[in-house]
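Student: Would you mind keeping the following structure in view while I ask a few things?
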Amino acid sequence: MSNVQKAIEYAHQNRERFLNELIEALKIPSISTDAEYNGEVMRAAEWMANHLKALGIENVEIMPTDGGHPVVYGDYLKKPGKPTVLVYGHYDVQPADPLELWETGPFEPRVEGDLLVARGSSDMKGQVLATFDAIESLMKGGGELPVNVKFLLEGEEEIGSKHLDPFLRKYADKFKADVSLNPDAGMMGIDMPTITYGLRGLAYFEIHVWGPKADLHSGLYGGAVHNPAQALTELIARMHDDKGRITLPGFYDSVRPISEGERADFARLPNDDAHYLEETGVPALWGEEGYISAERTGARPTLEVNGLLSGWTGPGSKTVLPAKAMAKISCRLVPDQTDDEVEKQMNRFMEENAPKTVKWEVKKLTGSPFAIADLNNPGVQAMKDAMETAWGVKPFLRREGGSIGAVAMLQQICGVESVLVGMGLPSDNVHSPNEHMHLPTWHKGIDSFIHFFNNLG
């Protein structure tokens, strides 16, 4: 029996213990967004550090960030000349609200058939422990870990990894590796293993429009004073043309086209237009002409209105002409756009289109870069083979519409590309009440990680 077969057998024999260890980790309410839980976040960091030590990982330390929750580090560098894998994960979780919608306590894990229900089970303590379990299976069952490993486990992913950028710039050399394994993603569905090789970036704005110095009576002043709410909505309407394209000046100048090979991969994905219609309940789909929905949501840039605020929105009627209006707008960015570039384009659009009857301001609230991996890099190839071995089908390749800050930071600061995978399913209720993990998929994911480390080694 080969070492990898021994490791797989060890993992299968220890499934119950692996599950119990995950349940133990899930009992810690490590909610990073609420200062009331700071002690629990630290307790989760200590739990992760202690578990790494128990595995035999060396140089384990809880590293403080500049004013934020700490990073857990560890390494096992016993294979000179072999690749080094940086395992990324986060041990913080989303708040559990609304609590009344949970069937049992969010931090009282329970197994219901094939599901493990608890906050953090899918996002992402279950995924983190899957990497621990794969490494343990290779070290103790297979006799050796065939690669070098480092760990970066952060406690602020759910609040935007806001202290990770300066932390990585300070310790860039410490976290250099040949590839990063990031299991903070998911699968298209059961028995649909998926590799996410691209993430869109983000530029998030508030657009403020002012008119009169105070709210006015709409009967006395309507028709003589330009309503800021009307002016703003007219501006927003001009931000797309009748083909669904964004009209900010130069918006597409830096956009990297989708290759023919990528278009073939997008066409193979199971989330076709019928899927989007069923999932959303809308009467018809909308978007940029010339692209299927999976391309529009994964590999093309977008501009979306996230919120509008103006005037009277309470019960009953109030005939007011509002003094101001505000819109929150997010742009999802693709290679090779930057949030600074799009901020300039938004300001140019407003300069060219805003009427002289109002004043305006564009405020950029946040921005994050895109990330995209080379599909030919050894890490992606090793994972493709590993998933096909574990599931018996070729994995789907997709570019994801959302953003994970750590992926871009590791690429740009440390020069490390990520293999972004995971066992999370669309039905896992991530960030919602009754979050859960599908246990058969989780166990199969552990097997795939064993094959991944073995393939790289």
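Every number in this text was worked out from the coordinates using simple rules, so none of it is lab data. As the structure is a prediction and not an experimental result, all values here were calculated from the model. In this analysis, Cβ positions are derived from the backbone assuming ideal geometry, glycine residues included, and neighbour counts consider all displayed protein chains.
Student: Grab the DSSP H runs of the chain that are 4 residues or longer, score each as -39,500 (n - 2.57), total them, divide by all residues and round the 222 nm result to the nearest 500 deg cm²/dmol.
Tutor: Details: 14 runs with 149 residues, N = 457.
Mean residue ellipticity, 222 nm, calculated: -10000 deg cm²/dmol.
Student: What list of ³J(HN,Hα) values in whole Hz, one per residue of region 24-31 in order, does the Karplus curve 6.51 cos²θ - 1.76 cosθ + 1.60 (θ = phi - 60°) give from phi, with Gly and Pro shown as x?
Tutor: 4, 5, 6, 6, 8, x, 7, 8
Student: Using modelled amide H (1.01 Å from N, peptide plane; none on Pro or chain starts), what sits under 5 Å from the amide H of L321, excluding residues fewer than 5 places away?
Tutor: Under 5 Å from the amide H of L321 lie the amide H atoms of L216, H217, S218, each far enough along the sequence or on another chain.
Student: Based solely on C-alpha atoms, express the radius of gyration and the Dmax of the chain in angstrom.
Tutor: Computed over the Cα atoms of the chain, radius of gyration and Dmax are 24.3, 88 Å.
Student: What is the magnitude of the charge dipole of the chain about its Cα centre, with +1 placed on the Cβ of each Lys and Arg, -1 on the Cβ of each Asp and Glu, and no other charges, expressed in debye to the nearest 20?
Tutor: On the way: 44 positive and 65 negative charges, 171 e Å.
Dipole about the Cα centre, nearest 20: 820 debye.
Student: Calculate one ³J(HN,Hα) per residue across region 63-69 by plugging θ = phi - 60° into the Karplus curve 6.51 cos²θ - 1.76 cosθ + 1.60, and present them in order as whole Hz with x for glycine and proline.
Tutor: After applying 6.51 cos²θ - 1.76 cosθ + 1.60, I find 9, x, 9, 6, x, x, 6 Hz.
Student: Compute the distance in nm between two label points, each set 7 Å from the Cα along the Cα-to-Cβ direction, one at K53 and one at R268.
Tutor: If labels sit at K53 and R268, their model points lie 4.6 nm apart.
Student: Principal axis extents for region 221-293, Cα atoms only, whole Å, descending order, please.
Tutor: 57, 34, 14
Student: What list of ³J(HN,Hα) values in whole Hz, one per residue of region 426-441 in order, does the Karplus curve 6.51 cos²θ - 1.76 cosθ + 1.60 (θ = phi - 60°) give from phi, with Gly and Pro shown as x?
Tutor: x, 8, 6, 6, 4, 6, 10, x, 6, 4, 8, 10, 7, 5, x, 5
Student: Let's test the formula: R0 of 22 Å, r as the Cβ-Cβ distance of D340 and Y171. What FRET efficiency results, to the nearest 0.05? Could you put the intermediate results ahead of the total?
Tutor: On the way: r = 25 Å, r/R0 = 1.15.
The computed FRET efficiency comes out at 0.30.
Student: Let me ask you something else. DSSP loop (so not H, G, I, E, B), at most 16 other Cβ within 10 Å: list which trypsin sites (Lys or Arg not before Pro) in region 310-373 pass both filters.
Tutor: When the trypsin sites (Lys or Arg not before Pro) of region 310-373 are filtered for loop state and at most 16 Cβ neighbours within 10 Å, K318, K356 remain.
Student: Can I ask one more? In whole Å, how far is the Cα centre of region 226-261 from that of region 149-213?
Tutor: When both Cα centres are located, 26 Å separates them.
Student: Taking Cα centroids, how far is region 412-457 from region 329-370 in Å?
Tutor: Value for the Cα centre distance between the two parts: 34 Å.
Student: Mind checking the angle between helix 125-136 and the chain's longest principal axis? C-alpha axes, 0 to 90 degrees, to the nearest 10.
Tutor: The answer is roughly 30 degrees.
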